[in-house]
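J.: Pasting a structure here, questions to come.
The values are calculated or read from the model by the stated rules, or taken from the named source; none is laboratory data. All values derive from a computational prediction rather than experimental measurement. Here Cβ is always computed from backbone atoms with ideal geometry, including for glycine, and neighbour counts include all displayed protein chains.
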Amino acid sequence: MRILERVGFDARLIGGLGIGRYIRGLLPPLAETLGEHLTVLATPKDRAPVRAELGSAPTIVVAGAAPYRLQEQTALLAQLARRQFQLVHFPHYNLPVAYRGRFVVTIHDLFSFQFPEIHSGGLPRLVNQVLMTNAVRRAAAIITPSQATAQELLSRFPDAEGRVHPIAEAADPRFGPERDRKAEATWQEHFRIRPPYLLSLGQWKAYKNLPLLIEAFGLVLRQRVQAQLVIAGHDPRHPEVAAAAATLPAGSVVFPGRLPDDAIADLYRGAAAVVLPSRAEGFGLPVIEAMACGTRVVCSDLPVLREMAGDVPIYCDPTDAGSFTQGMLTALTPPAGDRRPELGIVRAGLFSWHKAAAETIAVYEQAVGR
């Protein structure tokens, strides 16, 4: 531990969805180990919650530069230079291009290149690709959430060979199989959800494949008329999602918006299955969280999900609505002797944020020793 003395961690995206959950999972065990050697950069509104979560040992510094804005390239750059960190961990590729200090970056996926349409126009697309390219080429070490993502990164950036470290993510401890039936019923009533329901959790970007999911669920309704599909999140840039749902019977598809953190585990546990129809994933946190809760998973047959979840989920073809229809029907009426819930709990237990933090610190030490 003596080799790590002044480590910075950029937590400005802690309030986000996927990356925010990565930061919230990884930071506490990092702080537990690094203690006073860790400095966390947080937005003004996040400073107090971050302090409450991490305790008194780490230093919390307010970073006013908003992510993906010009200030990130100027004010944040100056702030980092003043601190003279031995190493900074950027949990996303949006770091100052002119930063010349030593850093580690986490690349969660290659979607800016694989699905460039996720960006709202040509300029945002170019900016994101430039930022990722800069981060990968200049990082002392690169962390990915899976071997599959590491292989995709090396295919595009072969010069990163020897600097890429797959470190699996994990389910937060609140995701467990112990059920609180009253809490489940309260959240279901609040969001007008009725069992049996299938839950989809994530962003609405095109690669998430939500119109295909809705099409598949429409076929489910022919056999299970009381079933509901719950699609969390919201994005006005994707009206095709609500348009697809409007073709189905009223009330059969529920849009609760972005779910409160306190609701997610109870809604997982009350669901017949969590469904992930994505055409690509960097890791797939909803899959491991659902398994930790003892909930069945219906998901796309992707290498990254096979790597993480093994044979536990019901795998489907993300190009075939009928495949997902059959998968959801199997989850709604599981065969006798089906042990997927128990196997999922065991599989999810193989992953932990403490393990991820220990492996991350080993990457820091190697990067500092370069």
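J.: I'd like the full set of residues that are surrounded by 12 or more Cβ atoms within 10 Å (Cβ to Cβ) and among the β-branched types (Val, Ile, Thr), limited to the stretch 208-252.
T.: ILE214, VAL220, VAL230, ILE231, VAL241
J.: Could you please tell me which pairs satisfy a Cβ distance under 8 Å, a separation of 6+ or placement on different chains, a first residue in the stretch 16-42 that is not assigned by TED's automatic domain parsing to the domain that holds LEU87, and a second residue that is at pLDDT below 95 and β-branched (Val, Ile, Thr)?
T.: Partner pairs satisfying both residue conditions: none exist.
J.: Here's another thing I want to ask about it. Quick check on the stretch 112-144: of everything there that is surrounded by fewer than 18 Cβ atoms within 10 Å (Cβ to Cβ) and among the hydrophobic types (A, V, I, L, M, F, W, C), which residue is farthest from VAL304 (Cα to Cα)?
T.: LEU123
Matching residues to (1) of a type outside the set (D, E, K, R); (2) touching a residue at least 12 places away in the same chain (Cβ under 8 Å); (3) not assigned by TED's automatic domain parsing to the domain that holds GLY18:
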residue	(1), (2), (3)
ARG279	no, yes, yes
GLY310	yes, yes, yes
PHE324	yes, yes, yes
ARG339	no, no, yes
GLU342	no, yes, yes
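J.: Which count do you get for residues in the stretch 93-117 that are part of a loop (DSSP other than H, G, I, E, B) and either touching a residue at least 24 places away in the same chain (Cβ under 8 Å) or closer than 16 Å to PHE283 by Cβ (or both)?
T.: 12
J.: Sticking with this structure for a sec: Only one residue in ALA148, ALA135, ALA160 is hydrophobic (A, V, I, L, M, F, W, C) and in contact with a His (Cβ under 9 Å, 6 or more places away or on another chain). Which one?
T.: Just one listed residue meets the conditions, ALA135.
J.: Looking at LEU76, LEU95 in this structure, which one is over 23 Å from the mean Cα position of the chain (by Cα), in the same structural domain as LEU30 (by TED's automatic domain parsing), at pLDDT 95 or above and under 30 Å from THR149 (Cβ atoms)?
T.: LEU76
J.: Also, quick follow-up: Tell me which residues, restricted to the stretch 111-165, are of a type in the set (Val, Ile, Thr) and more than 23 Å from LYS355 (Cβ to Cβ).
T.: ILE118, VAL127, VAL130, THR133, VAL136
J.: Now a separate question. Do we find that ALA65 is assigned by TED's automatic domain parsing to the domain that holds ALA139 and assigned to a loop (DSSP other than H, G, I, E, B) in this structure?
T.: Considered against the rule, which asks whether it is assigned by TED's automatic domain parsing to the domain that holds ALA139 and assigned to a loop (DSSP other than H, G, I, E, B), ALA65 comes out as yes.
J.: Something else: Would it be correct to say that ALA232 is of a type in the set (Gly, Ala, Ser) and either within 24 Å of THR319 (Cα to Cα) or in a helix (DSSP H, G or I) (or both)?
T.: So ALA232 fits the description; yes.
J.: Follow-up. When residues of the stretch 143-200 are filtered for being closer than 22 Å to ILE23 by Cβ, among the hydrophobic types (A, V, I, L, M, F, W, C), in a helix (DSSP H, G or I) and in contact (Cβ under 8 Å) with a residue 24 or more places away in the chain, how many remain?
T.: Residues meeting the conditions: 2.
J.: Pick out the one residue from ARG125, ARG192, ARG138, ARG181 that is more than 22 Å from the chain's Cα centre (by Cα), within 25 Å of LEU76 (Cα to Cα) and not hydrophobic (A, V, I, L, M, F, W, C).
T.: Step by step, each of ARG125, ARG192, ARG138, ARG181 is checked, and only ARG138 is more than 22 Å from the chain's Cα centre (by Cα), within 25 Å of LEU76 (Cα to Cα) and not hydrophobic (A, V, I, L, M, F, W, C).
J.: If you check ALA170 against the conditions, is it closer than 26 Å to ALA65 by Cα and either surrounded by fewer than 19 Cβ atoms within 10 Å (Cβ to Cβ) or under 22 Å from the mean Cα position of the chain (by Cα) (or both)?
T.: Considered against the rule, which asks whether it is closer than 26 Å to ALA65 by Cα and either surrounded by fewer than 19 Cβ atoms within 10 Å (Cβ to Cβ) or under 22 Å from the mean Cα position of the chain (by Cα) (or both), ALA170 comes out as no.
J.: So which strands (runs of 3 or more DSSP E) are wholly in the stretch 253-336 and hold at least 2 residues that are surrounded by 24 or more Cβ atoms within 10 Å (Cβ to Cβ)?
T.: 273-276, 297-300
J.: Mind telling me which of the residues PHE103, PHE90, PHE115, PHE85 ends up being at pLDDT below 90 and either closer than 26 Å to GLU169 by Cα or touching a helix residue (DSSP H, G or I) at 6+ places or on another chain (Cβ under 8 Å) (or both)?
T.: Sole residue among the options that is at pLDDT below 90 and either closer than 26 Å to GLU169 by Cα or touching a helix residue (DSSP H, G or I) at 6+ places or on another chain (Cβ under 8 Å) (or both): PHE115.
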